[in-house]
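All remarks here apply to the structure that follows.
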Amino acid sequence: MEPVCLWLEFLEVAIHNILYYTNLYPRNIFDLKKKYNVPIHVINHAGLNQYIENVLNAVNFLAKKDQLNQVQLQISDEKDNPLQSYVFKIIRLQNEAQELETSTDPFLVRMENAFQAFLVKLSTTTRSEMSALPENSQFELVLQLKDCYFVSNDEGDDQNFQKYQWTSQENAFAPKDSRIIPLEAVNTSFMEMEMYIEDCVQR
């Protein structure tokens, strides 16, 4: 599997599990499965899954063009005040399959180990360091592009890409008095990425 595809697979798992551990939705819409040798929670809800799929299609399109800066799962209260942001900051992502042949990690074991470590840290951090979210909290997936890239309304012929609703975010999600909680970092020949939480929930 190409590194970018492996990363997209992980990102989907991460999103599902963030939504599980933050208790934004009832636990009964999640199925218990196993991935990266650890238990994971997978959403069993058509509407939510369709939204996540649309975003991931856009992520795939942008990642292959090397135009994606970071992916954020942003949580806000019912008045749109920021509460938490789960950030996947991409420093470097290779998507050339032929590079696997000369890699020191051709089977991408180090990447998968880092993904496993993230899921374990996510589970322990949300239980021990995070406060409960207020009722009626909501989430949104936001893609931050590189400054030099402009998304047009007729971008290419990728229909999946068009399913993502693009907007200009003039007032960026920036929680005041937030604390940064590191989750995991990935640094391999294919990818360099930082994952952390911006938390401003009153404890």
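The values are calculated or read from the model by the stated rules, or taken from the named source; none is laboratory data. Fair warning: this is a prediction, and the values are worked out from it, not measured in the lab. Here the Cβ is made from the backbone with ideal geometry for all residues, glycine too, and neighbour counts use every protein chain on show.
When you look at Val4, is it within 19 Å of Lys146 (Cβ to Cβ), modelled with pLDDT under 95 and β-branched (Val, Ile, Thr), yes or no? So that I can check it myself, show each step before the final result.
On the way: within 19 Å of Lys146 (Cβ to Cβ): yes; modelled with pLDDT under 95: yes; β-branched (Val, Ile, Thr): yes.
Yes, satisfied.
In the range 103-128, the qualifying residues are those that are outside any loop (DSSP other than H, G, I, E, B) and among the charged types (D, E, K, R), and the one that is modelled with the lowest pLDDT is Arg110. Scanning the range 157-191 for residues that are at pLDDT 90 or above and surrounded by 14 or more Cβ atoms within 10 Å (Cβ to Cβ) turns up Ile181, Leu183, Glu184, Ala185. Of the residues screened, Tyr51 is one that is of a type outside the set (Val, Ile, Thr), touching a residue at least 40 places away in the same chain (Cβ under 8 Å), in contact with a strand residue (DSSP E or B) (Cβ under 9 Å, 6 or more places away or on another chain) and over 21 Å from Glu112 (Cα atoms).
Answer yes or no as to whether Phe61 is modelled with pLDDT of 95 or more and aromatic (Phe, Trp, Tyr). Can you show your working first?
Details: modelled with pLDDT of 95 or more: no; aromatic (Phe, Trp, Tyr): yes.
So Phe61 fails the test.
Is at least one residue of the range 77-94 at pLDDT 95 or above and more than 15 Å from the chain's Cα centre (by Cα)? No, the range 77-94 contains no residue that is at pLDDT 95 or above and more than 15 Å from the chain's Cα centre (by Cα). The residues of the range 18-71 that are among the aromatic types (Phe, Trp, Tyr) and on the phi < 0 side of the Ramachandran plot, listed by number, are Tyr20, Tyr21, Tyr25, Phe30, Tyr51, Phe61. Please indicate, with yes or no, whether at least one residue in the range 49-68 is over 15 Å from the mean Cα position of the chain (by Cα) and aliphatic (A, V, I, L, M). No, the range 49-68 contains no residue that is over 15 Å from the mean Cα position of the chain (by Cα) and aliphatic (A, V, I, L, M). Of the residues making up the range 129-141, just one is at pLDDT 95 or above and farther than 13 Å from Asp80 by Cα, namely Leu141.
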